[in-house]
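Colleague: Below are the structure tokens for one structure; questions will follow.
The values are calculated or read from the model by the stated rules, or taken from the named source; none is laboratory data. Keep in mind that this is a model prediction, so the values were computed, not measured. Here the Cβ is made from the backbone with ideal geometry for all residues, glycine too, and neighbour counts use every protein chain on show.
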Amino acid sequence: MTVRENVANGFRIVLDGHRRSSLLSRIGFYVATALTLLFSLYPFYVMFITSISTNESLYSRDRGVIPKSFTLEHYEVIFGSGSFPVQTYFWNSLSVALVTSVIALVVSILGAYSFTRLDYPGGTLIRRGIIVVYMLAAITLVIPLFQLLVRFDLVDTKTSLYITYTVKTLPLTLYILWNYFRSIPVEIEEAAFIDGYSRLETIARVIVPVSLPVLVAAFLFSFKIAWNEYLFASVFLQSEALYTLPIGIETLDSAFQNVWGEIMAASIITTLPIIVMFLYLEKYMVEGLTAGAVEG
Amino acid sequence: MAEQRRKPSESSSLSESSASGAVHVDGLTKQYDDVVAVSDLDLHVEPGELLVLLGPSGCGKTTTLRSIAGLEHVTDGTIHFDDEDVTRQAPQRRDVAMVFQSYALYPHKTVRGNLQFPLRKTDISGTEATERVEEIAELLEMETHLDTRPAQLSGGQRQRVAVGRALVRQPHLLCMDEPLSNLDAKLRVETRSELRQLQQRLGITTIYVTHDQEEAMSIADRIAVMNDGRIEQVGTPEDVYERPANEFVASFVGDPPMNFCDPDDVQAAGIETPQSAAGSPDTIGIRPEYIYPTDSRGEPAAGDRVEVDRPSDPVVLTVELIEPVGRAYEIQLTGHGLDLVARLRTRPDDVTEGDSSEFVFDLDRLTTFNDAGEVV
């Protein structure tokens, strides 16, 4: 079942009153839904509308919710002029997000497996530590991480982002996979051992294929975090050639004045890949959430 | 499994019985923190034999099996396959196969993929592996399901795939951990005789764990009855049933279980109690099927069964309850301080609930136990 179907089902239950909801609770549901949609979708709406509005209508006093004229000039500026190297930013973001997600996934497969199946001294401490690290705000880590990067001479390199983004996404991917691996019956692994496969081979040939939907979800979360990251990139990078999209958008704001159309167009370009990726991978993710029902 | 219809051809790659396959377990002990799961256990399995580990839950039978398969590190003792010491060997190197209670099929692989998986770790070539998979699928009547995934199979079909995956490699030893407990009653009875035929035909040494004594009796060459981490008795199903080594075996094997009586009550009822050199027994046991009602002439009415060799004098007992259980009747009897269950194949004519009636015991079938619960 996709997310869309789930939502549709939710609506059907409320509208048809399958679960015998009272009028009051239905009204509550509508209000809550409307508010949620308003607060989550309206910014996207403003972003989109602003990116296609002419400058006159943007800065006029009586601009309505729906603009009177449309234009693609902001996109032309973004892509056409040399002042904003959107392609460089895009590739930087893509490479950082991909490398980070792949490293995070490989490390968290092995790490989550060890959490689930292996007993070793300090194991409990490490498991708890992961959760604690995930709770820490990124801003508290910036200075210590910066000091480390200076020590290793990695400031203003993409490697600094590969490392720090992995540090940032790893707790989440570890946690997702750990939770899932716990639901895999241990007998499946034992069967593979008895069939002659070593532990690493069993991970590769049994655990990974069985967990594929969850691995996709973990990959997506990790990719999203790295793709949208702003704070670390703004501190650790200095050369414009290394900038990722969020930093690029910021320079657009500081280098020029009153270019909201361009900023919003760049924001749309930044958001689209994540939305496309989510829509494409969504079916695997929802499968992953119910894949625990797989028969041992 | 379809044995009459499908004899394996001469060129069959699933060869029949091999000479090797013995398992020797000596002094096996497995301890988890403070709990001793298996204690100083000795067990010897002959090549080609099907040995059942039978016992109540928590008796250590599954731990014993898992230790033999290599899935548990043993605390003490040794395990030999033929002459090879495998005690410290990883399961990958032991050449055992296992059928798990939950089947443990690989959910992401088709039936074919599941059956092929163990063969990839052998030196069997691609074409031979394909042949073997097809042969085992045919043997298990799963050939039309080769491209199906486990989630689409019924419980019985999954069980077959699990058996097939275990047999395809022709292991030194086949371990089965309650393989039938997830099937419904009818399928369980059918499958167990199929398993037995298959095992005899392939001649693979098998250790089979179950808590179901009926299953054990019907499938085993020999039964090892376990209790509390120890083996109470090893013997053929007949041995274990007719000549139990102690009170535990006598009470665990048999449904309804053996009646246990105080010798004084038995004597008070006018039944001759067996004496032995070791002195008077502490407990006297008699199986429910060796208590008979008498007919009008005072003779044991044994129905269509064998003659009663040495009937006791008739004893008057009150019939508390007559309970039909499928093909037999269980009759609860009291009197003279005794509390007994008799099992009859036919409903006796002149015995009614609440009335007193005369019954005789087969004196040759009395079992006597000393105060340690061992048979005297």
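Colleague: Does any residue in segment B:267-279 that is over 17 Å from B:Asp364 (Cβ atoms) come within less than 6 Å, Cβ to Cβ, of a residue that is at pLDDT 80 or above and in a loop (DSSP other than H, G, I, E, B) six or more places away or on a different chain, and which pairs are these?
Modeller: Partner pairs satisfying both residue conditions: B:Ala268/B:His336; B:Ala269/B:His336; B:Gly270/B:Asp313; B:Ala278/B:Val376.
Colleague: Which condition does B:Glu143 not pass, out of (1) free of Cβ contacts under 8 Å to residues at least 40 places away in the same chain; (2) touching a strand residue (DSSP E or B) at 6+ places or on another chain (Cβ under 6 Å); (3) acidic (Asp, Glu), if it passes all the others?
Modeller: Going through the list (1) free of Cβ contacts under 8 Å to residues at least 40 places away in the same chain; (2) touching a strand residue (DSSP E or B) at 6+ places or on another chain (Cβ under 6 Å); (3) acidic (Asp, Glu), B:Glu143 breaks only (2).
Colleague: In segment A:126-155, how many are outside any helix (DSSP H, G or I) and either among the hydrophobic types (A, V, I, L, M, F, W, C) or surrounded by 14 or more Cβ atoms within 10 Å (Cβ to Cβ) (or both)?
Modeller: Selection size over segment A:126-155: 5.
Colleague: Which one is nearest to B:Pro150 (Cα to Cα), of the residues in segment B:72-94 that are more than 9 Å from chain A (Cβ to nearest Cβ) and touching a residue at least 60 places away in the same chain (Cβ under 8 Å)?
Modeller: Of everything passing the filter in segment B:72-94, B:Phe81 is nearest to B:Pro150 (Cα to Cα).
Colleague: Across segment B:52-71, what is the total count of residues that are in a loop (DSSP other than H, G, I, E, B), hydrophobic (A, V, I, L, M, F, W, C) and within 14 Å of another protein chain (Cβ to nearest Cβ)?
Modeller: Count: 1.
Colleague: Sticking with this structure for a sec: Exactly one of (1) in contact (Cβ under 8 Å) with a residue 40 or more places away in the chain; (2) within 14 Å of chain B (Cβ to nearest Cβ); (3) surrounded by fewer than 19 Cβ atoms within 10 Å (Cβ to Cβ) is unmet by A:Val214. Its number?
Modeller: Answer for A:Val214: the failing condition is (3).
Colleague: Taking the condition crowded, with 18+ Cβ neighbours inside 10 Å and touching a residue at least 60 places away in the same chain (Cβ under 8 Å), does B:Gln233 pass?
Modeller: On the way: crowded, with 18+ Cβ neighbours inside 10 Å: yes; touching a residue at least 60 places away in the same chain (Cβ under 8 Å): no.
For B:Gln233, the condition - crowded, with 18+ Cβ neighbours inside 10 Å and touching a residue at least 60 places away in the same chain (Cβ under 8 Å) - is not met.
Colleague: Turning to a different aspect of this structure: Which ones in segment B:173-193 are within 15 Å of the chain's Cα centre (by Cα) and surrounded by 16 or more Cβ atoms within 10 Å (Cβ to Cβ)?
Modeller: Matches in segment B:173-193: B:Cys175, B:Met176, B:Asp177, B:Glu178, B:Pro179, B:Leu180, B:Arg188, B:Thr191, B:Arg192.
Colleague: Taking segment B:95-133 as the search range and keeping residues that are of a type in the set (Gly, Ala, Ser) and more than 14 Å from chain A (Cβ to nearest Cβ), which one is nearest to B:Val23 (Cα to Cα)?
Modeller: Applying the first criterion (of a type in the set (Gly, Ala, Ser)) to segment B:95-133 yields B:97, B:102, B:104, B:113, B:125-126, B:129.
Now restrict to residues that are more than 14 Å from chain A (Cβ to nearest Cβ): B:125-126.
On the way: B:Ser125: 29, B:Gly126: 31 Å.
Residue satisfying both the conditions and the ranking: B:Ser125.
Colleague: Any residue that is under 31 Å from the mean Cα position of the chain (by Cα), within 14 Å of chain B (Cβ to nearest Cβ) and of a type outside the set (A, V, I, L, M, F, W, C) - is there at least one of those in segment A:162-178?
Modeller: no
To keep it simple, each residue is scored yes or no on (1) part of a strand (DSSP E or B); (2) of a type outside the set (Asp, Glu); (3) in contact (Cβ under 8 Å) with a residue 60 or more places away in the chain; (4) closer than 20 Å to B:Asp262 by Cα.
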{"residue": "B:Val308", "(1), (2), (3), (4)": "no, yes, no, no"}
{"residue": "B:Leu317", "(1), (2), (3), (4)": "yes, yes, no, yes"}
{"residue": "B:Glu330", "(1), (2), (3), (4)": "yes, no, yes, no"}
{"residue": "B:Thr334", "(1), (2), (3), (4)": "yes, yes, no, yes"}
{"residue": "B:Thr346", "(1), (2), (3), (4)": "no, yes, no, no"}
{"residue": "B:Gly354", "(1), (2), (3), (4)": "no, yes, no, no"}
{"residue": "B:Ser357", "(1), (2), (3), (4)": "yes, yes, yes, no"}
{"residue": "B:Phe361", "(1), (2), (3), (4)": "yes, yes, yes, yes"}
{"residue": "B:Thr368", "(1), (2), (3), (4)": "yes, yes, yes, yes"}
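Colleague: Further question on the same structure: Has segment B:96-117 got any residue that is touching a residue at least 40 places away in the same chain (Cβ under 8 Å), in a helix (DSSP H, G or I) and in contact with a Phe, Trp or Tyr (Cβ under 9 Å, 6 or more places away or on another chain)?
Modeller: Taking every residue of segment B:96-117 in turn, at least one turns out to be touching a residue at least 40 places away in the same chain (Cβ under 8 Å), in a helix (DSSP H, G or I) and in contact with a Phe, Trp or Tyr (Cβ under 9 Å, 6 or more places away or on another chain).
Colleague: Now a separate question. Among the listed residues B:Asn227, B:Asn182, B:Asn246, which satisfies the condition of being outside the structural domain of B:Tyr290 (by TED's automatic domain parsing) and in contact with a Phe, Trp or Tyr (Cβ under 6 Å, 6 or more places away or on another chain)?
Modeller: Answer to the check: B:Asn227.
Colleague: Looking at B:Val209, B:Val225, B:Val240, which is the one that is among the β-branched types (Val, Ile, Thr), closer than 24 Å to B:Arg365 by Cβ and not in a helix (DSSP H, G or I)? Please lay out each step first, then the result.
Modeller: On the way: B:Val209 fails: closer than 24 Å to B:Arg365 by Cβ; B:Val240 fails: not in a helix (DSSP H, G or I).
Exactly one of B:Val209, B:Val225, B:Val240 is among the β-branched types (Val, Ile, Thr), closer than 24 Å to B:Arg365 by Cβ and not in a helix (DSSP H, G or I), namely B:Val225.
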